[in-house]
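The values are calculated or read from the model by the stated rules, or taken from the named source; none is laboratory data. Values in this document were obtained by computation on a predicted structure and should not be read as measured data. Backbone-built Cβ (ideal geometry, glycine too); neighbour counts: all protein chains shown.
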Amino acid sequence: MIRVAVAGASGYMGAELLRLLHVHPQVTLTGVTSDRLSGERLDAAYPHLRGLTDLTFHELDPRWLAEVADVVFLALPHLESQRAVPALRAAGTKVVDLSADYRLRSADDYVEWYKAAHLDPDGLACAVYGLPELHRKSIVGASLVASPGCYPVGAILAIAPLVKNGLARLDGIVVDGKSGVTGAGAQGRKVDPMYLYTESNENVQAYGLAFHRHTAEMEQELSLLAGETVRVSFTPHLIPLNRGLFTTASVPLATKLATPDLVQVYREFYAGEPFVRVLGEGQRPATRAVVGSNYCDLTVVVDARTSRAVCVSAIDNLGKGGSANGIQCLNVMLGWNERTGLEAPPVYP
């Protein structure tokens with residue numbers, strides 16, 4: 001059994017990690033942290049875990065985490081993970097980070113997109129971007145994995161086969177993302193009015209117009225696939241769902257193709273991937289079909305009139321867009337079957 005701890009366990013990502021780790025047959029949950037709830041029983045904060053745990057929240061202390069766990073999941077706000085990771089790595093503890101702190105390869109990108117200097121350049125240099133569909137070989141045996149943001153997962157998986165196969169023109173890629181309100185995190189006592197029930201219910205709102213931090217991840221990973229710089233125009237939207245993320249990407253085609261041809265390209269690209277389901281012609285991804293799971297449902301349709309591919313994906317922002325993907329990365333890191341602990345089908349309805 002591998003001992004696992006969750007830092008930042010009082011947020012939505014942390015809560016989803018706890019739910020999934022409790023049914024993972026290869027791990028034992030040995031520690032949880034929350035500065036806000038330090039000293040409180042875990043099952044008092046999360047009544048759905050009654051009878052499943054007797055753990056108590058501890059304050060964030062990397063040295064304590066390294067003592068109680070072999071692997072630590074970090075579900076912390078930006079800037080907090082990079083304060084904890086150096087001590088964890090020095091102790092030989094493996095880390096799966098669900099924050100943005102280690103996703104970008106260049107420290108300069110953090111200054112541009114996050115308006116802060118990176119505090120751990122050594123950790124940044126060794127971190128692996130945790131999208132198994134693209135970086136599986138690098139994740140195996142890694143000591144520090146940076147699980148992607150939810151919007152980038154939906155966009156990258158939707159576009160990757162076109163870019164990798166040279167079928168896309170790299171200028172004019174437009175990404176529209178729509179996320180449920182849990183994508184913003186639990187927010188503690190400081191709640192942006194945008195996420196209040198009365199503001200989000202029966203409403204759709206765009207935000208981060210022309211400058212959303214997740215754009216950097218999309219451009220980084222698509223550029224690596226293309227072998228040259230890719231620029232993306234990305235607009236995120238908040239929709240009245242608890243969880244779920246829907247992406248529509250419009251990609252200019254470099255050559256004339258029909259929809260069946262592109263569907264076959266996608267099926268070949270994702271052949272053998274346990275959590276990517278490529279839908280056929282006439283089938284449409286939907287958030288309801290992936291909630292509570294690590295699946296990404298996607299499809300592609302050719303718009304012959306405009307010579308563009310319409311690429312559509314659906315994920316659970318807390319699942320494949322967060323905690324479940326992090327557990328998939330854990331499985332890959334340790335050489336386990338990737339489905340371990342993630343076998344349950346999506347929740348329906």
### Query
Of the numbered conditions (1) in a loop (DSSP other than H, G, I, E, B); (2) within 23 Å of HIS212 (Cβ to Cβ); (3) more than 18 Å from the chain's Cα centre (by Cα), ASP108 satisfies every one except a single condition; which is it?
(1)
#### Entry: Residues (of a type outside the set (Val, Ile, Thr) and either surrounded by fewer than 21 Cβ atoms within 10 Å (Cβ to Cβ) or at pLDDT below 95 (or both)) located in the stretch 30-41
ASP35, ARG36, LEU37, SER38, GLY39, GLU40, ARG41
#### Entry: Complete set of residues in the stretch 159-182 that are assigned to a strand (DSSP E or B), of a type in the set (Gly, Ala, Ser) and more than 21 Å from GLU199 (Cβ to Cβ)
ALA168
### Query
Which ones in the stretch 267-285 are over 23 Å from MET13 (Cβ atoms) and among the hydrophobic types (A, V, I, L, M, F, W, C)?
PHE269, ALA271, VAL278, LEU279
### Query
If a residue has to be closer than 14 Å to TYR151 by Cα and either without any contact (Cβ under 8 Å) to a residue 24 or more places away in the chain or assigned to a loop (DSSP other than H, G, I, E, B) (or both) to count, how many in the stretch 217-237 make the cut?
1
## Note on the structure
GLY335: passes all of (1) touching a residue at least 60 places away in the same chain (Cβ under 8 Å); (2) in contact with a strand residue (DSSP E or B) (Cβ under 8 Å, 6 or more places away or on another chain); (3) on the phi > 0 side of the Ramachandran plot but (2)
### Query
Mind checking whether some residue in the stretch 302-311 is surrounded by 24 or more Cβ atoms within 10 Å (Cβ to Cβ), within 28 Å of ALA5 (Cβ to Cβ), modelled with pLDDT of 95 or more and hydrophobic (A, V, I, L, M, F, W, C)?
no
### Message
Contact list please: Cβ distance under 6 Å, first residue in the stretch 127-155 and assigned to a helix (DSSP H, G or I), second residue of a type in the set (Lys, Arg), pairs at least six apart or on different chains.
### Response
VAL153/LYS320
### Task
Scan the stretch 65-104 for residues that are of a type in the set (Gly, Ala, Ser), over 21 Å from HIS214 (Cβ atoms) and part of a helix (DSSP H, G or I) and report the count.
4
### Message
If I filter the stretch 42-82 down to residues being of a type in the set (D, E, K, R) and more than 24 Å from LEU318 (Cα to Cα), which single residue comes out as surrounded by the most Cβ atoms within 10 Å (Cβ to Cβ)?
### Response
ASP61
### Summary
The lone condition SER138 fails out of (1) touching a strand residue (DSSP E or B) at 6+ places or on another chain (Cβ under 7 Å); (2) within 28 Å of HIS237 (Cα to Cα); (3) outside the structural domain of VAL300 (by TED's automatic domain parsing) is (2)
### Message
Given the criteria assigned by TED's automatic domain parsing to the domain that holds ILE159, in a strand (DSSP E or B) and within 21 Å of SER307 (Cα to Cα), does PHE246 qualify?
### Response
no
### Message
Suppose the filter is more than 26 Å from ARG231 (Cβ to Cβ), hydroxyl-bearing (Ser, Thr, Tyr), modelled with pLDDT of 95 or more and buried (at least 18 other Cβ atoms within 10 Å of the Cβ); does TYR295 pass it?
### Response
yes
### Query
Are any of the residues in the stretch 294-302 among the β-branched types (Val, Ile, Thr) and free of Cβ contacts under 8 Å to residues at least 24 places away in the same chain?
no
### Task
Check off (1) in contact with a Phe, Trp or Tyr (Cβ under 7 Å, 6 or more places away or on another chain); (2) surrounded by 15 or more Cβ atoms within 10 Å (Cβ to Cβ); (3) not aromatic (Phe, Trp, Tyr) for ALA116 and give me the number that stays unchecked.
(2)
